Amino acid sequence: MKTIQQRTSPLRGEITVPGDKSISHRAVMFGSIAGGNTEITGFLPGADCLSTVDCFRRLGVDIDTDPGSGRVTVRGKGMRGLRPASDPVSLYTGNSGTTTRIISGILAPQPFTSVISGDASISSRPMRRIISPLSLMGASITSVRGNGCAPLRIEGRTLHGITYRSPVASAQVKSSILCAGLYAEGVTEVIEPSLSRDHTERMLRAFGAEIDSFEEKDGWHARASSCRELSARSIVVPGDISSAAYFIAAASLVPGSEILIRNVGINPTRAGIIDIAVSMGADITMLNIRNDAEPSADLLVRHAPLHGVTFGGSVIPTLIDEIPVIAVMAAAAEGTTCIRDAAELRVKETDRIVTISENLRAMGCTVIANDDGLVIEGFGAESGSSLKGSAIHTGGDHRIAMAFSVAALIAEGETLIDDEHCVEVSYPGFYRDLNAL
Ligand code: S3P
């Protein structure tokens, strides 16, 4: 349990948020099946990424981690070099949907059997979204309990390429299929309705895979050709914009604040939070833009009055993980915020439409929970009333814990976060960094 008091002084100073979670996972996964050593700097030592490290160690890969420095060396085994400790091999993915779904695409074509399990949240998240397309490629994947969720039993098979129209814009689904596609005969293509984060495409290309991506009238296409070998290369992981989002919100909301967030990844498939925050009136200046394989910038954020907005459609995948903290910004903004086309929130670490709306209501906010989004009545600076400190039920969801810790800074009185340790999934030093400003 964590108690947070309303903030009475502005947030000031500089922070560097930890490395991007999505890129850290991929660097370990692709490094493991590449030939040669992948040197990673800026790796996120959060529980989710450590689950990925643990899985690949069990598959016979030597991985040196130095969590303090963010340096990781992956001694790649090559595409056909994974050697499990046992057959079947048991892999535990903890709370990590990214590990569970993407590793399934890598394991489906291996010449051994794997059983993947995770925590209670993972055991209730939908896996048919990867079981179906991988099965169409020839994979043998069964949900052990027959409910379409983990544990999954994967018996290695020879795969063939498919063209798959994904009903959801999901980078985990896309990446799982593309990874399987590297091993499959022929060409594998995924068509998604909106463009989801493209870290897999960027990194696999950098490792020498033939990956095409383009937009057509029917959606966003990503195509992988069958691949003999990937070549290791150094990966520099920028700061995670999903972690920076809490500080963008905190500095925007607490009067008088001015902070500099250094080295934040601004890949356009992830940067929707900046566009939406600015459209709400946030004062964000991008400095030192660096156009590396993954672009990054420093973000200068100053307090500003916010107003409600309506958004949905193709921006949603670019800010899906930031909706909890955007909802908190909306609660403090002038007017109404309408979030649409975000039904994917229902299948995250918790049903976030429920966890966001219940916790905002506990803080005194008027919220309508729709099937695919939220309508939030903001208090606004002029209303004379504000969020009330309250008991927050995170459901063990790291992003709910961090978003409502930001809400606590502007809520009257005291807010209690029931399980602050869940932030370790993506941001182990979150409270230390928040207290330092
Ligand atoms: C992720 C993709 C997103 C995101 C998750 C990380 C990834 O999930 O919510 O936190 O690294 O590929 P979906 O692909 O299911 O949308």
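The values are calculated or read from the model by the stated rules, or taken from the named source; none is laboratory data. Small disclaimer: the values here were computed from a predicted structure and weren't measured. Note that we place each Cβ from the backbone using ideal geometry, even for glycine, and neighbour counts take in every protein chain shown. Please note that ligands, DNA and RNA were not included when accessible areas were found on the heavy atoms of the full protein model with its side chains. Shrake-Rupley method; radii C 1.70, N 1.55, O 1.52, S 1.80 Å.
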- Query: Given the Cα-Cα distance of M1 and N288 and 0.36 nm per residue of separation, how much length would full extension add, in nm?
  - Reply: 99.5 nm
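Per residue, what accessible area does the chain have, given a 1.4 Å probe and all protein chains present, in Å²? Intermediate values should be presented prior to the final figure.
On the way: 15510 Å² over 437 residues.
On a per-residue basis, 35 Å².
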- Among T52, A27, T113, the residue whose Cα sits farthest towards the positive end of the charge dipole of the stretch 21-225 (+1 at Cβ of Lys and Arg, -1 at Cβ of Asp and Glu, taken about the Cα centre) is T113
- Message: Give me the percent relative contact order of the chain, please, defined on Cα pairs under 8 angstrom at least 6 residues apart.
- Response: 17
- Message: So, R0 is 56 Å and r is the distance between the beta-carbons of E382 and D87; what FRET efficiency does that work out to, to 0.05?
- Response: 0.25
- Message: For K388, give me every one of the lysines with a C-alpha distance below 22 angstrom, ignoring sequence neighbours fewer than eight places off in its own chain.
- Response: K2
- Task: Enumerate the calculated ³J(HN,Hα) couplings along the stretch 294-307 in order (Karplus 6.51 cos²θ - 1.76 cosθ + 1.60, θ = phi - 60°), each rounded to whole Hz, writing x wherever the residue is Gly or Pro.
- Result: 10, x, 8, 7, 8, 10, 9, 10, 10, 3, 7, x, 10, 10
- Task: Take V144, project a point 7 Å from its Cα along the Cβ direction, then tell me which residues of the stretch 106-131 have their backbone nitrogen under 14 Å from it.
- Result: 113-120, 122-124
- Rg to Rh for the stretch 21-225: what is it, with Cα atoms only and Rh by Kirkwood? 0.94
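First compute the accessible area of the chain with a 1.4 Å probe, then give the percent of it belonging to carbon and sulfur atoms. Walk me through the intermediate numbers first.
Values: 7550 of 15510 Å².
With neighbouring chains kept in place, the figure for the chain is 49 percent.
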- Query: Per 5 Å bin from zero, what fraction in whole % of the C-alpha pairs of the stretch 360-437 is there, up to the bin with the longest pair?
  - Reply: 3, 14, 22, 24, 18, 13, 5, 1
- Task: Let me know the Kirkwood hydrodynamic radius for the chain, please, with Cα pairs as the basis and the value in Å to one decimal.
- Result: 21.9
- Query: Considering amide H positions built from the backbone, and no H for Pro or chain starts, which residues 5 or more places from E412, or on another chain, come under 5 Å of its amide H?
  - Reply: L387, K388, G389
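Quick one: Kirkwood hydrodynamic radius for the stretch 158-293, alpha-carbon pairs, angstrom, one decimal?
Details: mean 1/r = 0.0591 Å⁻¹.
For the stretch 158-293, inverting the mean 1/r across all distinct Cα pairs yields 16.9 Å.
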- Task: Write down the radius of gyration of the stretch 1-143 and its Dmax, each obtained from C-alpha positions, in Å.
- Result: 17.7, 60
- Which of the GluC sites (Glu not before Pro) across the stretch 130-232 are loop residues per DSSP, with 14 or fewer other Cβ within 10 Å? E210
